[in-house]
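Here is the structure we will look at, set down as structure tokens.
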Amino acid sequence: ASCWTRKQRGGKNAGNVENMGNEKVMTWDLERERISLENDIKTVDFTAKYMAVSNLHSFAQTHPEIIRPETISALESVLKDLSLSSQKQSFFLYKQAADALASIIVRSSNKILTGQATSALKNILATTGGYSHRASAEALGSLPVSIHSPKVGEEKIESIPRVKWQKILEENGINSYNTASFTGRSFVVGVDGQHRSLVIKLARVQDSPQTVYREAVWMEHLCSGGYSFPVRFNVPVALKFQGSYVFRLQNIPIRVPNEINLHPKRYAIGFVADKDYFTYPNDYRAEKRLMAEGLREVMFRSALLLGRLTSVGIVHTAPIGLFHNRVQRNRRSDNGLYEWQQGGRLDRWLDSCSYPNFGLTGIRDFEHLIPLEGRSRRLYRYIGTHILSLLLVTGSYFRNKDSKRVGLDHKGEPVDARDLFDKQFFKELIQGIFIGYYRGFVGRQLTGEVPFNVDDLASRMIEEMGVDRYMEEILRVPDQNQMTDKEFRDFLQRRGYTDKEIDGLKKGVQNIVIYTGPHLGGFNQRISLPELIESVGAMSALCMVGRYRKEKFSQLTP
């Protein structure tokens, strides 16, 4: 009554007193509602539980000051309750709970609460699997980080000069060379007493001049952009001819291998690279094979460099070529590319690792570089692609100790090559790759334990990567119908079919089973190594939260 009287009389601060009273009433109402929702989470009714979690998520977004430690405990209890996973909509419940904790991390100004919410999600990553794990990893992976990508000028190509091979030699002061060969679609010549290589990289039939131009632009940008890397990274030097990076190569001095499907106009770029540019960490050739110490150094350095480039907004989109289904790539909207977070079958994993885009000189194949702004869920996915690629190549290193032991044996049984793996060394490599990538992306050393059981992961990777259980692929009728008769025949010949067997098949009549593995998982099934996907998700999430906490609370340890 006194407040009303003072306001009526125009008393000083009367309105403020009333507002303060209203705010207290509203806060009290919100507190009661929050407590009621926390209690509702304990109900056994799935729908009621989902509504309670959703409303708490809204509280975290609109009234973060109302959140208490009890709220975090209630949300964490949902994520820990794996009995919920039997429900058809369980992922969406887990996602609401994980996203609510992520909202607390972002919106709360209470550092204690943000730390508790972060610890809750990290705990889920370390102790659970399935949908709860995925929801928690994706929630942490969505935390906003500030990454400003560079502006890389890529001018439209107006004219493309013709350049003769002899002219290339003259302009680069090369009077003679000892070696000349094709490595993939690159024509490589050893120069400077074999200390450097002159590389002419030619466009494939499906490439445009702009595609090959992009790689030269990135080489020039990385060489002149003032970047500093704490480890070896030999960026090739792009060459210009008649003022243009892109040219049409005339009179190639050696025979072009038949399997290289080059563009008929011979579009190309040229660059000078270190002699080790085409040395791969998992080479199957005995004379090129790295010893343990060399592999350790290359893999840890590659992880750091990929993380470092990503941290400055330069993302390599294909450290290796990963596919869910190669044979359907021409009629799928996703081009058959692998989306690791979906956990589907991984097509021809060992073949994907044949020529990784990282090695002794650092990162390579710059045509796959893109600038990326960091406030995007895509960043979490790219980080996962990088780590997954590094881990797969590590597994292929052991298989390539004896590259002939692959597929099915003479009895039609899966080849068992598990004895090629050194589990202790494998564990060291797995952990070191994550630590290196984290350091490169976050900009500081990882503290605490890794968010997964390295021993269990290594065991499962050896079990699935060491036995070629999944070899089959199906060439479906729609894919056959998209091929010409010649393409159909060539396709089957490359996959081991004899001319007699092909003659007995008619294109477009029935699905054809082909043996193209090893794959990780059966055709159109889930990946046979879900532990790898969950570990990659956990590592990617930890990189994101580490970077986020460094930016927001630089005085705290990530």
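Some points to look at:
- In degrees, nearest ten, helix 454-465 long axis to first principal axis of the chain (Cα): 40 degrees
- Gain upon complete extension [Glu449, Ser83; 0.36 nm per residue less C-alpha separation]: 129.0 nm
- ³J(HN,Hα), Karplus 6.51/-1.76/1.60, whole Hz, each residue of segment 289-296, x for Gly, Pro: 6, 7, 7, 4, 5, x, 5, 4
- Separation of the alpha carbons by more than 32 angstrom is noted, of Lys151/Lys265; Lys401/Lys486; Lys88/Lys423; Lys265/Lys486, for Lys401/Lys486; Lys88/Lys423.
- Amide H to amide H distances under 5 Å link Leu322 with Tyr338, where only residues 5 or more positions off or on other chains count and H is placed in the peptide plane.
- Put simply, the Cα atoms of segment 420-530 extend 61, 29, 21 Å along their principal axes, the longest span coming first.
- Solvent-accessible area of segment 450-558 (1.4 angstrom probe, protein heavy atoms only): carbon and sulfur portion equals 47 percent.
- Backbone HN-Hα couplings from phi across segment 224-229 [Karplus 6.51/-1.76/1.60, Hz, Gly and Pro as x]: 10, x, x, 7, 10, 10
- Once the chain from Arg285 to Lys486 is taken as fully extended at 0.36 nm per residue, the excess over their C-alpha distance is 69.1 nm.
- Overall form of segment 213-316 per C-alpha gyration tensor (a/c, 1.5; a/b vs b/c): oblate
- Proximal lysines relative to Lys275, as straight alpha-carbon distance under 16 Å, when same-chain residues fewer than 8 apart are discounted: Lys201, Lys288
- Only one of [x] 34.7; [y] 39.3; [z] 55.4 was calculated from the structure for mean projected area of the Cα convex hull in nm², and its label is [x].
- Reachable lysines, given that their alpha-carbon falls under 22 Å from the alpha-carbon of Lys550 and they are not under 8 places away in the same chain: Lys111, Lys122
- Amide H partners (placed H, <5 Å) of Arg204, local residues excluded: His263
- Karplus-derived 3J(HN,Hα), 6.51/-1.76/1.60, for each residue of segment 546-551, Hz, glycine and proline x: x, 5, 4, 5, 5, 6
- Value of relative contact order over the chain, rounded to a whole percent, pairs C-alpha under 8 Å and six or more apart: 14 percent
- Solvent exposure of segment 135-227 amounts to 49 Å² per residue of accessible area, where only protein heavy atoms count and the probe is 1.4 Å.
- Sites listed here are GluC sites (Glu not before Pro) in segment 199-305 whose DSSP assignment is loop and whose Cβ has at most 13 other Cβ atoms within 10 Å: Glu259.
- Restricting segment 138-188 to trypsin sites (Lys or Arg not before Pro) that sit in a DSSP loop and have at most 10 other Cβ atoms within 10 Å of their own Cβ leaves Lys151, Lys156.
- Calculated FRET efficiency for the pair Glu551/Phe46, C-beta based, R₀ 35 Å, to 0.05: 0.40
- Value at 222 nm in deg cm²/dmol, rounded to 500, when DSSP H runs of n ≥ 4 in the chain each add -39,500 (n - 2.57): -15000 deg cm²/dmol
The values are calculated or read from the model by the stated rules, or taken from the named source; none is laboratory data. Everything quoted here is computed from the prediction, not taken from an experiment. Heads up, the Cβs are rebuilt from the backbone with ideal geometry, glycines too, and the neighbour counts pull from every protein chain shown. Side chains are part of the model used for accessible areas, which takes the heavy atoms of the whole protein and leaves out ligands, DNA and RNA. Shrake-Rupley method; radii C 1.70, N 1.55, O 1.52, S 1.80 Å.
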